[in-house]
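Reading through the structure tokens given below for one structure.
The values are calculated or read from the model by the stated rules, or taken from the named source; none is laboratory data. Because the structure is a prediction, the values reported are computed rather than measured. Backbone-built Cβ (ideal geometry, glycine too); neighbour counts: all protein chains shown.
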Amino acid sequence: MSTQTPVIDSAPAAPAAPAPNPQSGQPVTLTRFLIEQQRRPDSPCPPQLRLLLETVARACKAINFAISKGALGDVLGSLGSENVQGEVQKKLDVIANDLLLDANEWGGQLAAMASEEMESLHPIPGRFPKGEYLLVFDPIDGSSNIDVNLSVGTIFSVLRAPEACAGRDVAEADFLQPGTSQVAAGYAIYGPQTLLVLTVGTGVYEFTLDREIGSWRMTDGPMQMPRGNREFAVNMARRRQWSPHVARYIEERIQGSEGPLGVDYNMRWPASMVADVHRIIKRGGIFLYPADHRKGGSARLRLLYEANPMSMLIEQAGGASSNGHARILDLVPTGLHERVGVILGDPEEVAAASEPQG
Ligand code: F6P
């Protein structure tokens, strides 16, 4: 199987994090980081992409503000409606979706957007200029955590709009690009701290929201996930859906020092992919949400909104990502809301948990 980490192997060496501002001694802002990326000779972040990422980051601040109001702001609970996935929509799913749409539709950077919360794509209204990028997002990932005050996040991915859609309306097919085509990916995590973790293909950088001045400041990067941490994240209650290969992989780790591996493993399950991926980038380990072996590969996580952006970040941080058989970033999507099995994290663990290719 091909769960190698080619992005890291072939990517230009990640630049060192900019030094703190000499006057204030403060970590650099997201704005300065993006401008410095724009000025690089290979320019992984042209001006229109920089403006887009700044706008997404601004929307994430507004989402963070809405979340933090909690019961005082009447933002908790469900709406009584279902999204296209047949899942109950939380009030915050819709609030966050609207904040991202409002923030991003008028700036001129986008040709269209697609969201996990909307059945079809959101074209840029005719009164605004159309740009060269497509934005894809999951406004609130892990939304079952909202009402119990545990970590949730926003995941996003940026693709280039195909040149062919310049003179016509954007179509769903324009979004169906493999994850290798992403020009940027990231997530915001609304936890004890509010963080933005981002890549434009030159490494992974973390920014912490400085609430006093409302600014994102770099607090880590370029980040490389530690190898060899024996920690797995999986929903054990789904065990009967796993393939024999995945079941054996987990069983051996549960047996720990008394099993064939001769070493103990730890388990975590925050029910929030953003929280899992962030822990893995910082501390190592593996995350699994395998496809249902019994039901022809029906799966929980979405390729465009979750698996692709997280796989780009994980590969950029030195990890690997697989659907259990092949590298996720190589998969060609067949629909906006396609779901996929996901195994990501430490490359050796991902290889062990994935089926050997025949
Ligand atoms: O829908 C996405 C998601 O909330 C992920 O963030 C998380 O990893 C998973 O679903 C939780 O699933 P479960 O409800 O099976 O614990």
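Can you name every residue in the range 141-170 that is more than 16 Å from the ligand (Cβ to nearest atom) and of a type in the set (A, V, I, L, M, F, W, C)? Across the range 141-170, the qualifying residues are Val158, Leu159, Ala161, Ala164, Cys165, Ala166, Val170.
Annotation note: of Glu251, Glu306, the sole residue that is more than 16 Å from the ligand (Cβ to nearest atom), among the acidic types (Asp, Glu) and either in contact with a Ser or Thr (Cβ under 8 Å, 6 or more places away or on another chain) or not assigned by TED's automatic domain parsing to the domain that holds Ser157 (or both) is Glu251.
For the criterion of being surrounded by 21 or more Cβ atoms within 10 Å (Cβ to Cβ), within 16 Å of the ligand (Cβ to nearest atom) and not aromatic (Phe, Trp, Tyr), Val274 passes. One residue stands out among those in the range 242-268 that are in a loop (DSSP other than H, G, I, E, B) and not hydrophobic (A, V, I, L, M, F, W, C): the one that is nearest to Glu348 (Cα to Cα), which is Tyr265.
For Arg268, state whether it is surrounded by 15 or more Cβ atoms within 10 Å (Cβ to Cβ) and in contact with a His (Cβ under 8 Å, 6 or more places away or on another chain). No, not satisfied. When the range 331-358 is filtered for residues that are more than 30 Å from His122 (Cβ to Cβ), surrounded by fewer than 20 Cβ atoms within 10 Å (Cβ to Cβ) and among the aliphatic types (A, V, I, L, M), the ones remaining, listed by number, are Ala351, Ala352.
Could you check, for the range 240-259, whether at least one of its residues is surrounded by fewer than 23 Cβ atoms within 10 Å (Cβ to Cβ) and closer than 30 Å to Leu196 by Cα? No. So, Gly285, is that one within 16 Å of the ligand (Cβ to nearest atom), modelled with pLDDT of 95 or more, over 26 Å from Phe175 (Cβ atoms) and outside the structural domain of Ile140 (by TED's automatic domain parsing) or not? For Gly285, the condition - within 16 Å of the ligand (Cβ to nearest atom), modelled with pLDDT of 95 or more, over 26 Å from Phe175 (Cβ atoms) and outside the structural domain of Ile140 (by TED's automatic domain parsing) - is met.
Do we find a residue being out of contact with any helix residue (DSSP H, G or I) (no Cβ under 8 Å at 6 or more places or on another chain) and touching a residue at least 40 places away in the same chain (Cβ under 8 Å) anywhere in the range 247-269? No, because not a single residue in the range 247-269 is out of contact with any helix residue (DSSP H, G or I) (no Cβ under 8 Å at 6 or more places or on another chain) and touching a residue at least 40 places away in the same chain (Cβ under 8 Å). Taking (1) within 13 Å of the ligand (Cβ to nearest atom); (2) not in a helix (DSSP H, G or I) in turn, Trp216 satisfies each apart from (1).
All conditions in (1) farther than 17 Å from Met225 by Cα; (2) in contact (Cβ under 8 Å) with a residue 40 or more places away in the chain; (3) surrounded by fewer than 24 Cβ atoms within 10 Å (Cβ to Cβ) hold for Ile328, with the sole exception of (3).
Yes or no, residue by residue, for (1) within 26 Å of Ile280 (Cα to Cα); (2) outside the structural domain of Asn323 (by TED's automatic domain parsing); (3) at pLDDT below 95; (4) surrounded by fewer than 23 Cβ atoms within 10 Å (Cβ to Cβ):
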site	(1), (2), (3), (4)
His122	no, yes, no, yes
Val136	yes, yes, no, no
Val148	yes, yes, yes, yes
Ile155	yes, yes, no, no
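Yes/no matrix, rows are residues, columns are (1) aliphatic (A, V, I, L, M); (2) free of Cβ contacts under 8 Å to residues at least 24 places away in the same chain:
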position: Phe128; (1), (2): no, yes
position: Ser143; (1), (2): no, no
position: Val148; (1), (2): yes, yes
position: Ser157; (1), (2): no, no
position: Arg160; (1), (2): no, no
position: Asp174; (1), (2): no, no
position: Gly191; (1), (2): no, no
position: Thr194; (1), (2): no, no
position: Phe207; (1), (2): no, no
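Identify the residue in the range 47-87 that is crowded, with 16+ Cβ neighbours inside 10 Å, outside any helix (DSSP H, G or I) and away from the ligand (no atom under 16 Å from the Cβ) and, among all such residues, is modelled with the highest pLDDT. Ranking the qualifying residues of the range 47-87, first place goes to Leu76. Could you check how many residues of the range 88-115 are outside any helix (DSSP H, G or I), modelled with pLDDT under 95 and crowded, with 16+ Cβ neighbours inside 10 Å? Here the count works out to 2.
In this structure, Arg239 does satisfy being within 16 Å of the ligand (Cβ to nearest atom), assigned to a helix (DSSP H, G or I) and in the same structural domain as Gly341 (by TED's automatic domain parsing). Residues that are β-branched (Val, Ile, Thr) and either within 28 Å of Thr194 (Cα to Cα) or touching a strand residue (DSSP E or B) at 6+ places or on another chain (Cβ under 7 Å) (or both) number at least 3 in the following helices (runs of 4 or more DSSP H) confined to the range 272-358: 273-283. Residue-level check: of (1) under 21 Å from Tyr190 (Cα atoms); (2) in contact with a Leu (Cβ under 7 Å, 6 or more places away or on another chain); (3) of a type in the set (Gly, Ala, Ser), Ala275 misses just (2).
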